[in-house]
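Single-structure report; data block below.
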Amino acid sequence: MGFLGPVPALPIINETIRNLYFHVTMWMAMFLMMILNVIFGIRYLNGSKLKDDLIAEESARIAILLGTAGLITGMVWANFTWGAPWVNDPQLNGTAATMLLYAAYFLLRNAVIDPVKRARLSSIYSIFAFVMMYVFIMVLPKMTDSLHPGKGGNPGFNKYDLDSNMRMVFYPAVIGWCLLSIWLMSLRVRLRLIEKQIATN
Amino acid sequence: MQLLIRQVKQLIEHEIRIELKNKQALGSLVVYSVSSIYISYLAFRQNIDPVTWNALFWIIMLFAATNAVAKSFLQESKGIQLYYYTLLNSRAVILSKIIYNILLLTTLGLLNFFCYWILFNTTIADPIQYLIGIFLGSMGLSAILTLVSGLVSRANNSASLVAILGFPLLFPLLISILKFSKNAMDGLGWYVNQPYFIVLISLNLAVILLSYLLFPYLWRE
């Protein structure tokens with residue numbers, strides 16, 4: 001359905017509109033993972049259970065994975081519609097900052113050896129990072145024009161493109177990506193828990 | 001609350017006294033930023049356009065700030081930190097450090113601005129707005145980097161980690177401050193700059209609030 005379903009034929013965008021099913025939904029799943037990361041960071045600071053920290057770490061890992069995938073799909077799409085894979089766009093800058101933030105998060109984790117201390121420091125950093133990222137992705141792009149659909153005078157998808165045929169794919173795709181990422185994250189968490197159990201025995 | 005304010009005041013006085021007594025740290029900061037300004041002068045010579053002027057100024061400020069603020073926790077020995085921990089409210093410690101760093105960076109920023117302006121002469125249409133920009137930028141830089149320096153002092157105490165963890169956090173601040181000060185340079189009216197002003201103020205307050213809330217978790221060992 002994602003590849004073959006009927007879509008409206010629009011100038012410039014043409015068939016690349018199908019990227020909506022992948023790129024946009026991936027970002028939503030990534031955002032979910034970041035929210036999970038921050039929620040479990042706060043939970044760790046309140047309860048000091050190392051399992052919470054484990055979940056926070058793995059959700060950050062999946063967020064990076066989804067972010068990279070989202071970047072690649074976005075760049076392919078931009079190459080067709082905007083003519084270049086990377087342009088100076090507030091949302092792209094925000095994405096670059098976000099990826100750097102989460103890379104720094106993992107660097108911080110690697111720098112600390114003691115697991116309790118690592119959990120505490122990285123939870124604090126992730127809360128801080130989330131607030132900054134929120135400002136960058138949600139607040140700053142509103143102040144300048146963006147090339148993204150729906151911003152800076154560009155028509156949004158929901159205006160006329162997202163007809164009912166596309167909605168039929170788009171909403172399940174959002175749910176699907178979110179569930180897929182949660183599943184991936186829980187797999188990693190369970191793997192890590194088992195590894196820890198084997199190491200202690 | 002009153003106790004907190006008194007502790008903050010005493011800690012700031014203490015910091016200033018230490019800084020004035022040990023002139024080497026302050027002097028090295030000034031030499032660091034002035035020589036980086038001079039290096040950029042040698043690299044660019046006099047003629048640079050306003051956009052580059054502004055960007056270069058904030059990049060110099062960024063590196064000077066990282067150097068200045070990084071030491072705020074790193075220079076203290078474990079013994080002194082333990083002493084503070086038993087004696088003081090942890091929130092007083094972070095607030096005093098942030099306020100002290102704001103003072104330090106604003107002075108450093110004004111000094112930098114003066115030297116920079118002598119070497120690279122540019123017309124700034126609205127100097128008062130630019131100075132407000134310097135204050136807001138120093139405030140944000142010190143607030144963010146102080147907490148990061150506290151984090152790093154607990155992690156492995158290496159100054160390079162401050163830059164690695166701090167720079168991505170500084171992106172939103174730097175982008176808005178660059179816009180704000182560029183508008184001030186062009187002499188655009190206050191109504192153009194108002195949204196950036198609001199964003200900067202709320203960003204700074206949010207960061208200080210976050211440090212205030214999160215620091216106790218960092219402090220207890």
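The values are calculated or read from the model by the stated rules, or taken from the named source; none is laboratory data. Keep in mind that what you see is a predicted model, and the values were worked out from it rather than measured. Positions of Cβ are backbone-derived with ideal geometry, glycine not excepted, and every protein chain shown enters the neighbour counts.
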For this session: Consider A:LEU100 carefully, then state whether it is touching a Leu at 6+ places or on another chain (Cβ under 8 Å) and either facing chain B (nearest Cβ under 8 Å) or surrounded by fewer than 17 Cβ atoms within 10 Å (Cβ to Cβ) (or both).
Result: no
For this session: Could you list all residues from the range A:22-56 that are farther than 17 Å from A:VAL131 by Cα and of a type in the set (D, E, K, R)?
Result: A:LYS49, A:LYS51, A:ASP52, A:ASP53
Exercise. Here is a list of conditions, (1) within 13 Å of the chain's Cα centre (by Cα); (2) surrounded by fewer than 17 Cβ atoms within 10 Å (Cβ to Cβ), and A:VAL76 meets all of them except one; can you say which number that is?
Worked result: (1)
Exercise. Yes or no: A:TYR44 buried (at least 16 other Cβ atoms within 10 Å of the Cβ), of a type in the set (Ser, Thr, Tyr) and at pLDDT below 80?
Worked result: no
For this session: Output yes when any residue across the range A:54-63 is in contact (Cβ under 8 Å) with a residue 60 or more places away in the chain, among the polar types (S, T, N, Q) and farther than 28 Å from B:ARG220 by Cβ, and no when none is.
Result: no
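Here's the yes/no breakdown for (1) β-branched (Val, Ile, Thr); (2) touching a helix residue (DSSP H, G or I) at 6+ places or on another chain (Cβ under 6 Å); (3) assigned to a helix (DSSP H, G or I); (4) closer than 27 Å to B:ILE201 by Cβ:
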position: A:LEU100; (1), (2), (3), (4): no, yes, yes, yes
position: A:PHE106; (1), (2), (3), (4): no, no, yes, no
position: A:ASN110; (1), (2), (3), (4): no, no, yes, no
position: A:ILE113; (1), (2), (3), (4): yes, no, no, no
position: A:LYS117; (1), (2), (3), (4): no, no, yes, no
position: A:LEU121; (1), (2), (3), (4): no, yes, yes, no
position: A:SER126; (1), (2), (3), (4): no, yes, yes, yes
position: A:ALA129; (1), (2), (3), (4): no, yes, yes, yes
position: A:MET132; (1), (2), (3), (4): no, yes, yes, yes
For this session: With the condition kept exactly as written, say whether any residue in the range B:79-90 is within 14 Å of chain A (Cβ to nearest Cβ), hydroxyl-bearing (Ser, Thr, Tyr) and either crowded, with 16+ Cβ neighbours inside 10 Å or over 25 Å from B:GLU15 (Cα atoms) (or both).
Result: yes
Exercise. So which residues in the range A:47-73 are within 30 Å of A:GLN197 (Cβ to Cβ), surrounded by 19 or more Cβ atoms within 10 Å (Cβ to Cβ) and not β-branched (Val, Ile, Thr)?
Worked result: A:ASP52, A:ASP53, A:LEU54, A:ALA56, A:GLU57, A:GLU58, A:SER59, A:ALA60, A:ALA63, A:LEU66
Seminar exercise, completed: The lone condition A:ARG61 fails out of (1) at pLDDT 85 or above; (2) not in a helix (DSSP H, G or I) is (2)
